[in-house]
Amino acid sequence: MKLTTATFVAVLCGAVTLPAMATQIAPPDPSALPSFNYHYNVSWGAIGVGTLDLSLKPQVDHAGCYHYATTTAPNALVAMFYGAPSQSSDFCIVDDHVRSQHFVSKLPGDDKQSYTLDFDWSRHQVVDENGNRRDIPDDAVDSLALQQAVRLWVLDHRAELNASTQSLIAKFTMVDNKHLTHYQFKFGGEQKIDTPAGHFDTLLMDRVDTPGKIGRFWLAPSRGYMPVKSETKIGGKPAVTMGLKK
């Protein structure tokens, strides 16, 4: 099995970008996002590599702010070589937009994939664990909080997505330890799919910013526009698939 460390982190953590979820059908009040804890099966090509848990909880001392986290349970073979990566994001909702505050990526034994980011919005800069600063645009979010930003966009544009599948493009800027990446998603229509968690009517969102990179996310209105299935693929590499387990 030829699976690099970077690819494994992408498979089992936030590099596979998913819009986040709520637990009701109606669009929630962005100032009071509901807590959740959901579970996914994760595969790399035909190989099952483990499970991923995704959770959201409000910060006790900061109204409108949240702690968002992934924890992974890789299978025994994968864990032997790569450990169990995890990520967390502290973010706030400001003027109905996601504002990242603090992000942590951990992969035991791999310093390149283990890093922190602090967002200094007074200067529009991000600061890493070594104190290095970089300028960031107003819409920059970390790779995990990006999931909530995409989800809120879909909720805001739900009526327009019903009316047209052609013109709307969702645009986001993701910041990691090295780069700014500009994501674009387009509505791809309505589909019915089956997952281990059951049968769902979904909205398909396709990544369209980079030829050769596939990103498909099936969002279920009955799960608050949660992606109940996702598929990502780069070039000739095997596809990464996540399916809602429960």
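The values are calculated or read from the model by the stated rules, or taken from the named source; none is laboratory data. Every value quoted in this text rests on a predicted model; they were computed, and no experiment measured them. Because the Cβ atoms are built from the backbone with ideal geometry, glycine has one as well, and the counts that use them run over all protein chains shown.
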Selection from the range 181-211 of residues out of contact with any Ser or Thr (no Cβ under 6 Å at 6 or more places or on another chain), closer than 20 Å to Ala149 by Cβ, in contact (Cβ under 8 Å) with a residue 24 or more places away in the chain and in a strand (DSSP E or B) yields Tyr183, Gln184, Phe185, Gly188, Thr202, Leu203, Met205, Arg207
Exactly one of Ser43, Ser86, Ser122, Ser55 is among the hydroxyl-bearing types (Ser, Thr, Tyr), more than 24 Å from Lys171 (Cβ to Cβ) and in contact with a Lys or Arg (Cβ under 6 Å, 6 or more places away or on another chain), and that residue is Ser86
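Looking only at residues in the range 30-59 that are β-branched (Val, Ile, Thr) and modelled with pLDDT of 90 or more, which one is surrounded by the fewest Cβ atoms within 10 Å (Cβ to Cβ)? Walk me through it before giving the result.
Filtering the range 30-59 down to residues β-branched (Val, Ile, Thr) leaves 42, 47, 49, 51.
Keeping just the survivors that are modelled with pLDDT of 90 or more gives 42, 51.
Numbers: Val42: 25, Thr51: 17.
My answer is Thr51.
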All-but-one check, Tyr82 against (1) farther than 23 Å from Asp95 by Cα; (2) modelled with pLDDT of 85 or more; (3) not small (Gly, Ala, Ser), failing number (2)
Those residues of the range 155-181 that are surrounded by 13 or more Cβ atoms within 10 Å (Cβ to Cβ) and under 30 Å from Gln113 (Cα atoms) come to a total of 9
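Out of all the residues in the range 212-240, which are among the small types (Gly, Ala, Ser), crowded, with 19+ Cβ neighbours inside 10 Å and either part of a loop (DSSP other than H, G, I, E, B) or under 15 Å from the mean Cα position of the chain (by Cα) (or both)? Give the derivation first.
Taking the range 212-240 first, the residues among the small types (Gly, Ala, Ser) are 212, 215, 220, 222, 224, 230, 235-236, 239.
Then keep just the ones that are crowded, with 19+ Cβ neighbours inside 10 Å; that gives 215, 220, 224, 230.
Within the range 212-240, Gly215, Gly224, Ser230 meet the criteria.
Count, please, the residues in the range 162-174 that happen to be at pLDDT below 85 and in contact with a helix residue (DSSP H, G or I) (Cβ under 7 Å, 6 or more places away or on another chain). Quick ask: steps written out before the conclusion?
Initial filter on the range 162-174 (at pLDDT below 85): 162-168.
Next cut, in contact with a helix residue (DSSP H, G or I) (Cβ under 7 Å, 6 or more places away or on another chain) only: 168.
Counting residues in the range 162-174 that are at pLDDT below 85 and in contact with a helix residue (DSSP H, G or I) (Cβ under 7 Å, 6 or more places away or on another chain) gives 1.
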Discussion item. Condition (residue is without any contact (Cβ under 8 Å) to a residue 40 or more places away in the chain and farther than 28 Å from Val49 by Cβ) applied to the range 219-232: is it met by at least one residue?
Written reply: no
